[in-house]
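Presented below is the structure to which this report refers.
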Amino acid sequence: MIAARPVTLALWYTLAAASTGRAASPPDLILAHGTVITADSADSVAQAVAIGDGRILAVGTDAAILALQGAQTRIIDLHGRTATPGLIDTHAHVADGGLGEVYDVQLSDAASVAEVVQRVRARIPRLKPGEWLLGEGWDEGKLAEHRYVLASDLDAVSPDNPVWLEHTTGHYGAANSYALRLAKITPPTRDPQGGTIDRGPEGRPSGVLKEHAQELVTNLIPPPSAEHRRNGIRTLLETLHREGITAYKDPLIDQSIWDAYRALLDAGELAEHVCVLWGAGTTLASAREALKSIEAQPRLPDSLGDGRLLSCGAKIFMDGSGAARTAWVYQDWNKDRTRLDRGNTGYPLVDPQVYRRQVRLFHEAGVSVGTHAVGDHAIDWVVETYAQVLKDKPTRGLRHSIIHANIPTEHAISVMAALERRYDAGYPEMQPPFMWWIGDIYAGNFGTVRSQRLEPLRTLEARGVRWSGGSDYPVTPIAARYGLWAAVERQTLKATYGAHPFGTAESIDVHSALRAYTSAAAPQLFLEKRIGSIEPGKDADIAVWEQNLYTMPAAEIQHLRCVMTLFRGTVVYRAD
Ligand SMILES: [Zn+2]
């Protein structure tokens with residue numbers, strides 16, 4: 001059981017002089033007459049905040065804070081609205097997702113295969129023959145036909161163009177026959193290591209490619225221009241501000257994405273805290289390449305732009321996806337909830353022994369590692385690897401993470417708890433909105449029994465395991481309100497197998513959920529001294545909401561409306 005955190009109306013304040021040792025000068029800005037959820041260690045709630053020089057100077061009652069105002073102080077009246085720390089997403093593919101959102105065909109709201117085909121047909125006239133058509137976001141769990149998009153669906157509308165439509169998870173996609181021809185994928189083509197060429201009944205490739213098999217096609221797609229890269233990020237920064245998000249981890253970048261972030265930073269356009277992980281690939285050689293890139297950048301705790309851009313570490317994929325049934329699990333995957341996908345326990349995407357050597361390489365170089373691990377088998381392998389390298393070279397504070405950690409075993413949870421305590425490492429970075437946005441496929445694939453162990457947030461809290469939240473955008477929509485809601489409600493989008501196929505025993509309260517997107521997330525970006533709570537001395541990253549998420553009906557949290565966002569004391573978004 002988790003006791004609900006006390007919501008005391010703690011009416012305290014601290015003068016800037018007390019926290020910084022400098023003489024207090026009047027604040028530049030005061031937010032007053034609100035409900036200020038500070039997300040500090042006592043979960044205190046105040047009324048007003050004083051801000052100076054981009055930092056929080058004081059937090060407290062209206063009377064105490066308004067008494068600090070000087071002649072130049074600007075006052076923003078919150079009219080009883082609720083302020084929280086700017087929200088933090090520990091797993092959002094902002095650069096890649098933004099690029100797709102701006103330039104590719106969007107399929108996340110397509111309701112049928114026919115609609116997917118229609119959107120492809122509509123885009124084709126804008127392309128020259130032979131030019132690639134890219135799209136993404138489809139999800140068979142949301143399509144009326146409840147099946148994959150296939151080459152045979154796409155061929156009639158795209159005879160002269162290669163087409164690649166990525167699934168919302170990014171772990172599989174659909175190619176048309178033109179693209180399959182370019183990739184030289186024919187019936188005798190064997191599955192590559194760590195990948196699956198999906199086949200129809202007579203063994204012909206269906207067009208769907210999973211995990212590393214996708215690269216047979218995606219490696220042929222011309223890379224985006226630097227300008228497109230920047231535009232993609234720019235567009236998403238606006239979305240983030242509209243949703244009260246002021247910090248995130250972009251968990252799979254390469255040099256071109258780093259260069260785009262640097263260009264935006266240099267142009268003064270990066271009004272976010274961005275922490276990036278460099279893709280380490282599947283071999284020791286590729287990991288060494290990534291290490292070289294990491295060593296060429298400022299090393300933690302240093303950053304660029306005073307905490308705006310941080311090179312945080314390396315990213316490795318241990319396994320695949322719960323949607324594609326490629327995640328590495330102990331027991332056969334299910335399909336359609338109760339049927340067995342006999343003989344399929346998924347697979348590692350990297351040779352497990354090579355993985356260990358990759359992690360050791362980074363660990364010994366003092367570099368943080370984030371490993372994607374969805375299945376129980378994969379998660380065990382990852383936490384045991386972390387335990388081993390930490391035992392061999394004890395280091396505190398590298399904060400190696402388990403990305404997704406969808407169905408950790410009891411053993412894995414114990415190892416996480418021990419590693420967090422002993423080494424400040426082994427943190428799960430989880431995405432509650434998986435249960436909602438791709439929850440209908442998940443419920444079918446994980447099956448009745450295993451589903452109850454999905455995202456065991458309440459157990460993690462009870463065992464003292466600190467976890468943080470995220471969207472895995474563009475896998476799910478980027479707004480953190482969906483994650484806050486999903487952590488509490490655990491509902492799927494379509495209720496294909498009932499609204500709560502994962503049960504509610506692992507639901508948490510909104511206080512714990514908010515912590516996962518604020519104070520518990522900040523350390524995973526190595527910014528816990530600067531963000532994650534509204535406390536004197538921290539950056540004035542603040543989101544203001546129409547409703548009070550602590551008192552509104554839990555079912556409504558997904559509709560939480562952001563009315564204003566501040567980044568370092570500057571208003572970067574204001575609703576009309
Ligand atoms: Zn991801």
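Values in this text are rule-based calculations from the coordinates and carry no lab data. Source: prediction; values computed, not measured. Heads up, the Cβs are rebuilt from the backbone with ideal geometry, glycines too, and the neighbour counts pull from every protein chain shown.
Which number do you get for Rg(Cα) / (2.2 N^0.38 Å) in region 72-181? Kindly include the intermediate steps, with their values, before the conclusion.
Working: Rg = 19.4 Å, N = 110, 2.2 N^0.38 = 13.1 Å.
Rounded to two decimals, the normalised Rg is 1.48.
Just subtract the alpha-carbon distance of THR504 and ARG396 from 0.36 nm times their residue separation and send over the number in nm, one decimal. Write down the numbers at each step before the final one.
Working: separation 108, 0.36 × 108 = 38.88 nm, distance 3.51 nm.
That pair, THR504 and ARG396, stretches by 35.4 nm at full extension.
Of ALA412, THR196, ASN176, whose Cα points farthest to the positive end of the dipole of the chain (charges on the beta-carbon: +1 Lys, Arg; -1 Asp, Glu; origin at the Cα centre)?
The one lying farthest along the dipole's positive direction is ALA412.
Taking the Cα-to-Cβ direction at ASP424 and at TYR330 and moving 7 Å from each Cα, how far apart do the two end points lie in nm?
3.3 nm
Any idea how far apart VAL102 and ASP306 come out in nm if each label point goes 7 Å out from Cα toward Cβ?
Once both label points are built, they end up 2.7 nm from each other.
Taking the Cα centre of region 420-574 as the origin, how large is its charge dipole in debye, to the nearest 20, when only Lys and Arg (+1) and Asp and Glu (-1) carry charge on their Cβ atoms? Each step should come with its number before you reach the end.
Numbers: 17 positive and 16 negative charges, 33 e Å.
Using only the charged Cβ atoms, the result is roughly 160 debye.
For the pair HIS411 and HIS559, what calculated FRET efficiency results from E = 1/(1 + (r/R0)^6), where r is the Cβ-Cβ distance and R0 = 45 Å, to the nearest 0.05?
Numbers: r = 39 Å, r/R0 = 0.86.
Taking R0 as 45 Å, the efficiency between HIS559 and HIS411 is 0.70.
What 222 nm value per residue comes from the helices of the chain, counting each DSSP H run with n ≥ 4 as -39,500 (n - 2.57) and dividing by all residues, nearest 500 deg cm²/dmol? List each step's numbers first, then the result.
Values: 18 runs with 170 residues, N = 576.
Mean residue ellipticity, 222 nm, calculated: -8500 deg cm²/dmol.
Which whole-Hz ³J(HN,Hα) couplings does region 404-409 yield from phi under the Karplus relation 6.51 cos²θ - 1.76 cosθ + 1.60, θ = phi - 60°, glycine and proline marked x?
In residue order, the calculated couplings are 5, 6, 5, 10, x, 6 Hz.
Considering only DSSP states other than H, G, I, E and B, which trypsin sites (Lys or Arg not before Pro) in region 320-395 qualify as loop sites with at most 12 other Cβ atoms within 10 Å? Spell out each step's value before the answer.
Numbers: sites: ARG325, LYS335, ARG337, ARG339, ARG342, ARG356, ARG357, ARG360, LYS391; in loops: ARG325, ARG337, ARG342.
Loop-located and lightly packed - ARG342.
How large is Rg/Rh for region 376-516, to two decimals, with Cα atoms and a Kirkwood Rh? Write out the running numbers ahead of the final one.
Values: Rg = 14.9 Å, Rh = 15.2 Å.
Here the Rg-to-Rh quotient is 0.98.
Once amide H atoms are built 1.01 Å from N in the peptide plane, which residues 5 or more positions from MET564, or in another chain, come under 5 Å H to H?
Result for MET564 returns VAL544, ALA575.
Out of region 319-392, which chymotrypsin sites (Phe, Trp or Tyr not before Pro) are coil in DSSP terms and have no more than 11 other C-beta atoms within 10 Å?
none
Could you check how many percent of all C-alpha pairs in region 294-404 are farther apart than 19 Å? Mind showing how you got there, number by number?
Numbers: 3104 of 6105 pairs.
Considering region 294-404, 51 percent of its Cα-Cα pairs are separated by more than 19 Å.
Express in % the proportion of alpha carbon pairs of region 343-407 at distances exceeding 17 Å.
Numbers: 761 of 2080 pairs.
Roughly 37 percent, rounded to a whole number.
With just the Cα atoms defining each centre, how far is region 135-197 from region 512-576? Give it in Å.
Between the Cα centres of region 135-197 and region 512-576 lies a distance of 39 Å.
Take region 82-131, compute every pairwise Cα distance, and split them into 10 Å bins from 0; I just need the percent in each bin.
19, 33, 28, 13, 7, 0
Averaging sequence separations of C-alpha pairs under 8 Å and six or more residues apart, then dividing by the length of region 249-320, give the relative contact order as a whole percent. Don't skip to the answer; put the middle values down first.
Values: 99 pairs, mean separation 26.7, N = 72.
Once divided by the residue count of region 249-320, the mean separation gives 37 percent.
Report the percentage of all Cα-Cα pairs in region 140-233 whose separation exceeds 16 Å, rounded to a whole percent. Each step should come with its number before you reach the end.
Details: 2484 of 4371 pairs.
Pairs farther apart than 16 Å: 57 percent.
Net charge near THR235: determine it from the other residues with C-beta under 12 Å of the C-beta of THR235, scoring Lys and Arg +1 and Asp and Glu -1.
Numbers: positive: ARG229, ARG230, ARG234, ARG242; negative: GLU101, GLU238, GLU269.
After counting each charged neighbour, the total is +1.
If you take the beta carbon distance between GLU295 and ASP191 as r and set R0 to 25 Å, what does 1/(1 + (r/R0)^6) give as a FRET efficiency, to the nearest 0.05?
Values: r = 35 Å, r/R0 = 1.41.
Result of the calculation: an efficiency of 0.10.
Given the Cα atoms of the chain, and with Rh set as the inverse mean 1/r over their pairs in the Kirkwood sense, what is Rg to Rh to two decimals? Walk me through the numbers before you get to the answer.
Numbers: Rg = 23.7 Å, Rh = 24.4 Å.
Checking Rg against Rh, the ratio lands at 0.97.
Could you give the length gained on full extension between SER225 and THR570, defined as 0.36 nm per residue of separation minus the Cα-Cα distance, in nm? Present the calculation step by step, with values, prior to reporting the outcome.
Details: separation 345, 0.36 × 345 = 124.20 nm, distance 3.09 nm.
121.1 nm is the gain from fully extending SER225 to THR570.
Between GLU384 and VAL354, with labels modelled 7 Å along Cα→Cβ, what's the label distance in nm to one decimal, could you check?
Taking the simple label geometry, GLU384 and VAL354 are separated by 2.0 nm.
With r defined as the distance between the Cβ atoms of ALA495 and ASP266 and R0 fixed at 45 Å, what FRET efficiency is calculated, to the nearest 0.05? Can you show the working numbers first?
Details: r = 48 Å, r/R0 = 1.06.
Calculated value: 0.40.
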